[in-house]
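Some notes on the structure that comes next.
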Amino acid sequence: MNITENKQVVLRFNKEFLEAGNAEVLKEIVAADFTNHTAAANFPKDISGLVQFVAMLHQGFSDLKIHIHEQVGEGDIVASRKTIEATHTGEIMGHAATGKRVVINVMDFVRLKDGKYVDHWGRNDIMQVIQSL
């Protein structure tokens with residue numbers, strides 16, 4: 001796949017899985033041997049960890065909206081700078097709902113092969129956001 005097609009896969013992951021919570025799309029766009037090299041503590045580094053992490057996000061934050069601000073592709077890597085906006089309407093990591101609007105800053109690097117995620121590296125400030133609730 002070319003860089004433009006890889007960017008579209010990353011967009012699908014963000015919109016259909018992260019934002020909408022549709023784990024079924026992972027069958028189409030994430031390789032069986034996927035590795036999340038920077039998975040949050042206590043989360044598996046495979047697909048099951050993705051599903052657990054996003055379920056936790058959706059439990060604590062409603063109306064998730066992903067905004068991709070920049071996307072850069074080179075070779076088989078797509079890098080994205082994005083924000084996640086949501087409202088804290090449910091319990092997350094011991095924090096009861098506050099009704100606060102939050103913005104989570106994220107930078108991701110994804111390596112794709114044959115149109116599927118195979119590796120992920122990322123940085124975000126979700127722990128700081130949760131601690132501020």
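Close Cβ contacts (under 7 Å, 6 or more residues apart or on different chains) running from residues in the stretch 105-116 that are part of a strand (DSSP E or B) to residues that are of a type in the set (S, T, N, Q) comprise 105/83; 105/124; 106/83; 106/124; 108/80; 112/6. Could you tell me whether residue 23 is over 11 Å from the mean Cα position of the chain (by Cα), closer than 19 Å to residue 84 by Cβ, modelled with pLDDT of 95 or more and surrounded by fewer than 18 Cβ atoms within 10 Å (Cβ to Cβ)? Answer is yes for this residue.
When we screen 48, 62 for residues that are of a type in the set (Gly, Ala, Ser) and touching a strand residue (DSSP E or B) at 6+ places or on another chain (Cβ under 6 Å), the only hit is 62. Candidates in the stretch 34-87 are the residues that are farther than 22 Å from residue 133 by Cα, free of Cβ contacts under 8 Å to residues at least 60 places away in the same chain and acidic (Asp, Glu); of these, the one that is surrounded by the fewest Cβ atoms within 10 Å (Cβ to Cβ) is 70. Figure legend. Inter-residue proximity from the stretch 119-133: first residues assigned to a strand (DSSP E or B), second residues of a type in the set (Lys, Arg), beta-carbon distance below 7 Å, spacing 6+ or different chains. Indicated pairs: 119/111. For the stretch 31-50, a residue qualifies if it is among the hydrophobic types (A, V, I, L, M, F, W, C) and touching a Lys or Arg at 6+ places or on another chain (Cβ under 6 Å), and the qualifying residues are 31, 39. Collect the residues in the stretch 88-102 that are closer than 15 Å to residue 56 by Cα and loosely packed, with under 14 Cβ neighbours inside 10 Å, keeping them in residue-number order. Of everything in the stretch 88-102, those that are closer than 15 Å to residue 56 by Cα and loosely packed, with under 14 Cβ neighbours inside 10 Å turn out to be 91, 93, 94, 96.
Among the residues making up the stretch 93-126, those that are at pLDDT below 95 and over 14 Å from the mean Cα position of the chain (by Cα) are 93, 94.
The values are calculated or read from the model by the stated rules, or taken from the named source; none is laboratory data. The model shown is predicted, which means the values in this text are computed figures rather than measured ones. Every residue, glycine as well, gets a Cβ built from its backbone with ideal geometry; the counts of neighbours run over all protein chains shown.
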